[in-house]
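Data first, discussion second: the structure below is written as structure tokens.
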Amino acid sequence: MEQYQIWLALGTLALLGVSALANDVVVLTEDNFEKEIGQERGALVEFYAPWCGHCKKLAPEYEKLCTSFKKAKSVLIGKVDCDEQKSICSKYGVSGYPTIQWFPKGSLESKKYDGPRNAESLAEFVNSEGGTNVKIATAPSTVMVLTTDNFDEVVLDKNKDVLVEFYAPWCGHCKNLAPTYEKVASAFKSEGDVVIANLDADKYKDVAEKYGVSGYPTLKFFPKGNKAGEDYEGGRDLDDFVNFMNEKSGTSRDAKGQLTSNAGIVASLDALVKEFVAASSEEKKAVFSRIEEEVEKLEGSSKRYGKIYLKSAKNCLEKGSDYPKKEIERVKRILEKSISASKADEFTLKTNILSAFA
């Protein structure tokens, strides 16, 4: 009886979970498609496949759209899994994913959407077709906005690596890039010497012309050592931008802005740490002195990381060889808690460097 009650409770929770997920986006199937579409409200429908990369990329934007329109009673935002509902997708001529179609109120005849795949552009289309006036709620941007007043101050700063997007507000490709570019800025917001910025090239034509911008979006990278600017010719997915900035700026961030396992590692010090770990108690002191000398030679962020190496080596001398393992376990417990981004960075660096000693 007790086991039955547990299963019943779990089943109820599962149903509640499904209901919660379905609050914003209506999941359409063969059973409910014509009960929902062509009725008393217009409908935007995404035909997708679970394995489709472009569909996965659209998912957060579509979810943002759904959330914004959930109080608009005259519009339905729905989706169809074409792997499961093949007959519906075949009926509406779906041959690629994602396909987005608009169904007017009272009609099962659809109109294909061919615009940019971001929440703002989709909302503009739905508002136009459905007679609504819904705006997408946006979080504060982490992209640095450039103008003629601050361009030189920000971009030509020899202490900063700066990626600049030259865009035009009316440009479809720019609108499509916007949510990805925002994520790039968010990923590097904790890096003091990295700036992700954009400039309205339609408004500030003189600046755009100065840097040879003739199409939108144009992306240029202004590293610390070359303020003439370099054309960015890489891919335009989030990982492409993150990998590019890590390579050019010497950072170690992932797409979520978290430090990777390579963050803080200094090759010359790692080599000395291997000697330090293998040395006898007396020999360790001599290697420690060499680590001190190497840290003195370092500059910039490497100097900061070197101080962590030095402190770790000193603690190993004072607290014994099992110190790194115990300290890593302690720090990992802290990282599992809710802490600030700066603290998470601090502890991740410490863990990465301590791993060399363990």
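The values are calculated or read from the model by the stated rules, or taken from the named source; none is laboratory data. In this text the structure is predicted, and so the values were computed from the model without any measurement. Positions of Cβ are generated from backbone atoms using ideal geometry, with glycine treated the same way; all protein chains shown enter the neighbour counts. To get the accessible areas, we keep the full protein, side chains included, count just its heavy atoms, and leave off ligands, DNA and RNA. Shrake-Rupley method; radii C 1.70, N 1.55, O 1.52, S 1.80 Å.
Some observations on this one:
- When residues of region 269-283 are limited to those that are open to solvent by 50 Å² or more (accessible area, probe 1.4 Å) and among the aliphatic types (A, V, I, L, M), the one farthest from the chain's Cα centre (by Cα): Ala278
- Within region 23-56, being among the acidic types (Asp, Glu) and under 29 Å from the mean Cα position of the chain (by Cα) holds for Asp24, Glu46.
- The residue list Val287, Val266 contains one member that is touching a helix residue (DSSP H, G or I) at 6+ places or on another chain (Cβ under 7 Å), buried (at least 16 other Cβ atoms within 10 Å of the Cβ) and farther than 23 Å from Asn159 by Cα, which is Val287.
- Remark: pairs (first residue in region 82-97, within 19 Å of Leu108 (Cβ to Cβ); second residue open to solvent by less than 90 Å² (accessible area, probe 1.4 Å) and of a type in the set (Phe, Trp, Tyr); Cβ separation under 6 Å; 6+ apart in sequence or on different chains) = Cys82/Phe47; Ile88/Phe33; Cys89/Phe47; Val94/Phe47.
- Criterion applied to Ser90, Ser74, Ser68 was being of a type in the set (Gly, Ala, Ser), open to solvent by 70 Å² or more (accessible area, probe 1.4 Å) and on the phi < 0 side of the Ramachandran plot, and the one residue passing it is Ser90.
- Taking the criterion of being at pLDDT below 95, in contact with an Asp or Glu (Cβ under 8 Å, 6 or more places away or on another chain) and charged (D, E, K, R), the only residue of region 180-223 that qualifies is Asp193.
- Just one of the listed residues (Glu165, Glu153, Glu129) is open to solvent by less than 60 Å² (accessible area, probe 1.4 Å) and charged (D, E, K, R), namely Glu165.
- Cβ separations smaller than 7 Å between residues 6+ apart or across chains give no pair from region 46-68 residues that are in the same structural domain as Leu177 (by the TED database) to residues that are crowded, with 16+ Cβ neighbours inside 10 Å and of a type outside the set (Gly, Ala, Ser).
- Enumeration of residues in region 311-358 that are within 22 Å of Ala267 (Cβ to Cβ), modelled with pLDDT of 90 or more, open to solvent by 40 Å² or more (accessible area, probe 1.4 Å) and not charged (D, E, K, R): Ser355
- Summed over region 322-354, residues that are without any contact (Cβ under 8 Å) to a residue 40 or more places away in the chain and of a type in the set (Gly, Ala, Ser) total 2.
- Filtering region 92-106 to residues that are closer than 16 Å to Leu44 by Cα and over 26 Å from the mean Cα position of the chain (by Cα) leaves Tyr92, Gly93, Val94, Gln101, Trp102, Phe103, Pro104, Lys105, Gly106.
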